[in-house]
Amino acid sequence: MVKKSYIVIGVIVSLMVMVGCAKKAVKEEPMVTGKAGEKAWEKPAEERERAGIDEKSLQASLERKKYPGIEGEFLESSLLKDINFGFDRYDLTPKMREILSQNADLLLKNPGVKIQIEGHCDERGTIEYNLALGERRANRTEEYLISLGLSGNRISSISYGEEMPLDPRHNEGAWTKNRRAHFIILSR
């Protein structure tokens with residue numbers, strides 16, 4: 001009889017933990033491709049030229065980086081801007097779409113560049129949850145860049161969850177910086 005009551009208590013506690021840890025649903029926002037549905041590659045050539053960066057400028061912006069615990073070096077460009085997400089979110093705001101549009105213009109002007117999108121989270125949440133959230137952030141970012149005309153074979157994505165924070169502090173300011181999609185250059 002005592003064993004049965006321990007089992008019942010264990011099941012009740014487990015259910016309470018599962019209900020308490022449930023995450024709220026994230027509202028999906030429809031993808032918007034630009035002003036009045038205009039896609040980046042549909043803009044006139046001279047407008048793309050003004051907005052884009054030439055190969056020489058891109059080359060000058062490249063910087064070699066090493067990540068702790070990961071073999072090899074990676075290239076980053078200060079011209080490819082990160083986007084930052086809200087807490088427990090992976091939807092793209094209008095500001096994020098504008099940044100991604102600028103990144104897409106740069107990449108469309110430099111067709112030999114392949115990128116990897118890294119999905120990152122803050123330290124709150126379980127390791128498994130943050131890896132899944134980071135993956136959703138990277139995938140949403142990739143989908144939007146493809147909707148702007150980039151070929152899917154030029155983009156890959158990976159989630160680091162909470163494992164590679166930009167800011168290692170444990171406060172809201174650091175967490176805001178760490179919830180991001182980051183871009184590295186794989187080849188050019």
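The values are calculated or read from the model by the stated rules, or taken from the named source; none is laboratory data. As the structure is a computational prediction, the values presented were derived from the model and not from experiment. Glycine gets a Cβ as well: all are built from the backbone with ideal geometry, and neighbour counts include every protein chain shown.
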*What are the residues in the stretch 142-185 that are loosely packed, with under 15 Cβ neighbours inside 10 Å, more than 16 Å from the chain's Cα centre (by Cα) and either of a type in the set (Val, Ile, Thr) or not in a loop (DSSP other than H, G, I, E, B) (or both), if any?*
Asn153, Glu172, Gly173
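Tell me, yes or no, whether the stretch 163-178 has at least one residue that is under 15 Å from Leu92 (Cβ atoms) and either in contact with a helix residue (DSSP H, G or I) (Cβ under 7 Å, 6 or more places away or on another chain) or among the aromatic types (Phe, Trp, Tyr) (or both).
So in the stretch 163-178, the residues under 15 Å from Leu92 (Cβ atoms) come out as none.
The answer is no; no qualifying residue exists.
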*Name, by its number, the condition in (1) of a type in the set (Asp, Glu); (2) more than 20 Å from Glu63 (Cβ to Cβ); (3) in contact with a Ser or Thr (Cβ under 8 Å, 6 or more places away or on another chain) that does not hold for Glu128.*
(3)
*Candidates Ile83, Ile115, filtered to the one that is among the β-branched types (Val, Ile, Thr), over 16 Å from Leu166 (Cα atoms) and touching a strand residue (DSSP E or B) at 6+ places or on another chain (Cβ under 6 Å)*: Ile115
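Tally time: how many residues in the stretch 117-141 are outside any helix (DSSP H, G or I) and small (Gly, Ala, Ser)?
First, pick out the residues of the stretch 117-141 that are outside any helix (DSSP H, G or I): 117-126.
Next, only the ones that are small (Gly, Ala, Ser) stay: 119, 125.
The number of residues fulfilling the criteria is 2.
From Ile127, Ile117, which residue is within 15 Å of the chain's Cα centre (by Cα) and of a type in the set (A, V, I, L, M)? Steps first, please.
Working: Ile127 fails: within 15 Å of the chain's Cα centre (by Cα).
After applying the criteria, what remains is Ile117.
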_Testing Pro94 on (1) modelled with pLDDT of 95 or more; (2) surrounded by fewer than 11 Cβ atoms within 10 Å (Cβ to Cβ); (3) over 16 Å from the mean Cα position of the chain (by Cα), one condition comes back false. Which one is that?_
(3)
